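Q: Can you read through this structure? Questions will come right after.
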Amino acid sequence: MSDSLASTKSNFGTLPVFLTAISTILGAVMFLRFGFAVGSVGFTGTVLIILIGHMVTFSTAMALAEIATNQKVEGGGEYFIISRSFGVNIGAAIGITLYFSQAISVAFYVIAFAEAFEAIKPWVSSEFGYEIYDNRLFSIPALLVLIWLMVSKGANLGMKALYVVVTILAISLVFFFMGDTSYSQAFDNTQLFKNLSPDKGFFYVFAIIFPAFTGMTAGVGLSGDLRDPKKSIPIGTLSATIVGMIIYIFIAYKLVSSASPADLVNDQLIMSQIAIWGPIIPIGLAAATISSALGSFMVAPRTLQAIGGDNVFPSRLVNFWLARGSKNNYEPRNATILTSVIALIFVLMGDVNAVAEIISMFFMVTYGSLCLISFMQHFAADPSYRPSFKSKWYLSLFGAIMCIYLMFKINTVYAIAAILVMVLLYFYITFRSNTQKGMAKIFQGVMYQFSRTMQVFLQKSEKETAEDYWRPAVICLSKESFDRYSALEIMKWISYRYGFGTYIHFVQGYLSNELKADAENKLRKLIKIASSSKSNVFLETIISPSNTGAIAQAIQQPGISGQPNNTMLFEFKKGEQEWLNEIIENYSLLKVAAYDLCILASSDRGFGYKKNIHIWIRKEDYENANLMILLSYIILGHPDWKKGEIKIFATFPEKDLKQELQYLTELTSSGRLPISANNISVLPIETGINRKTLINEYSIDADLTLIGFHSSTMKTEKAIEHFEGYDKIGNILFVNTLTSKFIK
């Protein structure tokens, strides 16, 4: 398809882009509805409408000119530009809505063309005695002639006709500005600033007039027929937008100074009463509408042809039929036939206002999407996005916001429907498409840049005191990610709201292509598991030939939040000592990094019903108490533990029981922790009493038990024994802190 489009003969320069755009801008609405606007809201109100409308159109023209200069532009116009810059996902979602707006525009302009015959209705009635009530008597034959011309002759005839009608349009405007009335001779310029209040509100008038400004992108549809699209599209589009805005301001002045507000509102062909030769206005209206219809008829089939060439539609046969062109010059004949059918359906409706609202919504959602994509690309900093013409990010953002705002102001129901259509199309095409390039990729690029900026800012800013504002930033290193999910679960709970977590799957071996591919597959599997459980944990893999090397690599990982990591989590299965021995042997590395250490002993019971968390405190490792309480509180904040509670068990000599109970009660109440005084138990422990026996007895039904250990334990030959002997209870989290934590 791309090769076929690229082979299309390219003869047009910048002028056709300008003429196509300006003839669409200065079209049906200018002749039929602009006088109504001036009469309703006055000169200042009309200028305000022009400026607001061009806030959208100029921003969109800038964004489109930028996107168009990103790469070689071929057939398909706006669709080709967007889809090749941002992927078929986005391009087709915008392209389909854009195509419908272009196809319906053909009908709109043909219906407006029939309005030009209002001037001859009285003559027909007086001369022939026949009353013409239905303008479809003119619009349907006009559309059929237009269809025949486009199917048989294609864009070349369209461009030749375009030059003729633009000339007529220019003459009609000159005659209009040369005209004079008795009202203009007595007009006082102070009335320019007279405020008028329209019956149905300012935005009702805006909704009627806005389609007049939406033709600035019409010339982009000729991209496949241009010699130098990167030059012609920006110059032609922007110049048409600016020239159109200036002409509309002069027309508004001419109207307000040449006719009374009542005449402007009630006579839709008031311009013919002002022009030096009245009949030129209906002729100009006919020329403007036919030129706009020609422009839309040239653009719409090429958009549909390019969409079919990208196999967007479900049926291969439909895609092939739409993508086919004529043998000699690849004219989109089949797409033109379908466009003709759509146009005919809407011409049969015969209501200019109803069709105009539908067109406005489709154009607004297209313009908003273009501006939003341009804005996001400014911050995504994708190296493949290198436009030779650059807009400003704030213009693109402003254009996107204005589009959304104005859509809802014009018609809320249509706005919601148009946005829903766009979103549903995007997700449908993303689901069917094999390509990964889409809005998600652009958004990902934006997030990468934002994350980088924030992390650099945080690194440069003054760090808060860790003891006063501690929160867990945990790294978990595990070999058994797919055998046991306990470590991944506890990381999910810690990272849910208050903490940050990085889970690293350890692949043991020397780095090779095969091992790297295996690690990437396992990472994808972990991401899928984490996504299904709605986890906020950041996932990574490490390949290392040794356990010590892997632990050393993990310790040096940067914090994902900009906050340095401060805690290390390991997991082993009860009864298996190999990995536990590695943890004990490498404890010195954790001390160098000044990391707190958590070791999760997993059992076959898992985390049970997630209702009870037991914390065991003793005098020998009292510094661990605050960390265990804080971790329990953080875990309890996850929805999995919504019915859970914390119980504290402290073992002290009998003489200290009352004092320690009072201290723990004050600690939990002053720290606003969800621990009832009834859930704090201080147990006496005398010489000869085995503490493990107490824990096995009291915590037999606990779903998670936290037990502290002292750093001196890790230096003994029998360190491993400290983590054994808890066979009657479920999962245990052993906790050791290197720096004291304060509960405020």
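Read-outs: derived from the displayed coordinates by stated rules, not from any lab. Not measured: the values here are computed from a predicted model. Using ideal geometry, Cβ is built from the backbone for each residue, glycine included, and neighbour counts are taken over all protein chains shown.
Q: Extending each Cα 7 Å along its Cβ direction at residue 694 and residue 577, get the distance between those two points in nm, one decimal.
A: 2.7
Q: Would you mind getting me the FRET efficiency between residue 715 and residue 428? Use the beta-carbon distance for r and R0 = 51 Å, nearest 0.05.
A: Numbers: r = 62 Å, r/R0 = 1.22.
The value I calculate is 0.25.
Q: Assign unit charges at the C-beta atoms only (+1 for Lys and Arg, -1 for Asp and Glu), then state the dipole size of region 498-574 relative to its Cα centre in Debye, rounded to the nearest 20. Please list the in-between numbers first.
A: Numbers: 8 positive and 5 negative charges, 62 e Å.
In debye, rounded to 20, region 498-574 gives about 300.
Q: Each residue of region 333-343 in order: what ³J(HN,Hα) in whole Hz does its phi give by Karplus 6.51 cos²θ - 1.76 cosθ + 1.60, θ = phi - 60°, with x for Gly and Pro?
A: 5, 5, 5, 5, 4, 5, 4, 4, 5, 4, 4
Q: Can you list the residues, at least 5 places off or on another chain, whose amide H is less than 5 Å from the amide H of residue 702, using H built in the peptide plane?
A: Here 730 satisfy the definition.
Q: Of 559, 588, 631, which is farthest towards the positive pole of region 532-687's charge dipole, taken about the Cα centre with +1 and -1 on the beta-carbons of Lys, Arg and Asp, Glu respectively?
A: Of the listed residues, the answer is 631.
Q: Let's test the formula: R0 of 41 Å, r as the Cβ-Cβ distance of residue 508 and residue 663. What FRET efficiency results, to the nearest 0.05? Can you show the working numbers first?
A: Working: r = 46 Å, r/R0 = 1.12.
Efficiency at R0 = 41 Å is approximately 0.35.
Q: Relative contact order (percent) for region 277-349, with alpha-carbon contacts under 8 angstrom and 6 or more residues of separation? Walk me through the numbers before you get to the answer.
A: Numbers: 54 pairs, mean separation 17.2, N = 73.
Relative CO of region 277-349 lands at 24 percent.
Q: Label residue 643 and residue 497 with points 7 Å out from Cα along Cα→Cβ: what is the distance between them in nm?
A: Calculated label separation equals 1.9 nm.
Q: Relative contact order (percent) for region 532-686, with alpha-carbon contacts under 8 angstrom and 6 or more residues of separation? All intermediate terms of the calculation are to be shown ahead of the outcome.
A: On the way: 155 pairs, mean separation 26.5, N = 155.
Answer for region 532-686 is 17 percent.
Q: If packing is taken as the mean number of other Cβ atoms within 10 Å per residue, what is the order of 242-251, 265-274, highest first? Walk me through the intermediate numbers first.
A: On the way: 242-251: 17.4, 265-274: 20.1.
Averaged packing, sorted descending, gives the order 265-274, 242-251.
Q: Sort the following peptides by mean Cβ neighbour count (other Cβ atoms within 10 Å, averaged over residues), highest first: 609-618, 660-669.
A: Result, highest mean first: 609-618, 660-669.
Q: I've got another one for you. Got a sec to turn the phi values of region 135-150 into Karplus ³J(HN,Hα) couplings, 6.51 cos²θ - 1.76 cosθ + 1.60 with θ = phi - 60°, whole Hz, x for Gly and Pro?
A: Karplus-based 3J(HN,Hα) across region 135-150 equals 6, 5, 4, 9, 5, 5, x, 4, 5, 5, 5, 4, 4, 4, 5, 6 Hz.
Q: Return the long-range amide H neighbours of residue 476 (sequence gap of 5 or more, or a different chain), with a cut-off of under 5 Å between placed amide H atoms.
A: 502, 503, 504, 569
Q: Still on this structure, I have one more. Could you derive backbone 3J(HN,Hα) for region 578-590 from the dihedral phi with the Karplus parameters 6.51, -1.76 and 1.60 (θ = phi - 60°), listing whole Hz in sequence and x where the residue is Gly or Pro?
A: Whole-Hz 3J(HN,Hα) from phi for region 578-590: 4, 6, 5, 4, 5, 5, 5, 5, 9, 4, 4, 5, 5.
Q: What is the set of long-range amide H partners of residue 617 at a cut-off below 5 Å, with H atoms built 1.01 Å from backbone N?
A: 649, 650, 651
Q: Students often check this: by mean Cβ neighbours within 10 Å, which of 24-30, 372-378 ranks highest, and how do the rest follow? Don't jump to the answer; show the numbers that get you there.
A: Numbers: 24-30: 27.1, 372-378: 22.7.
Highest mean packing first, the order is 24-30, 372-378.
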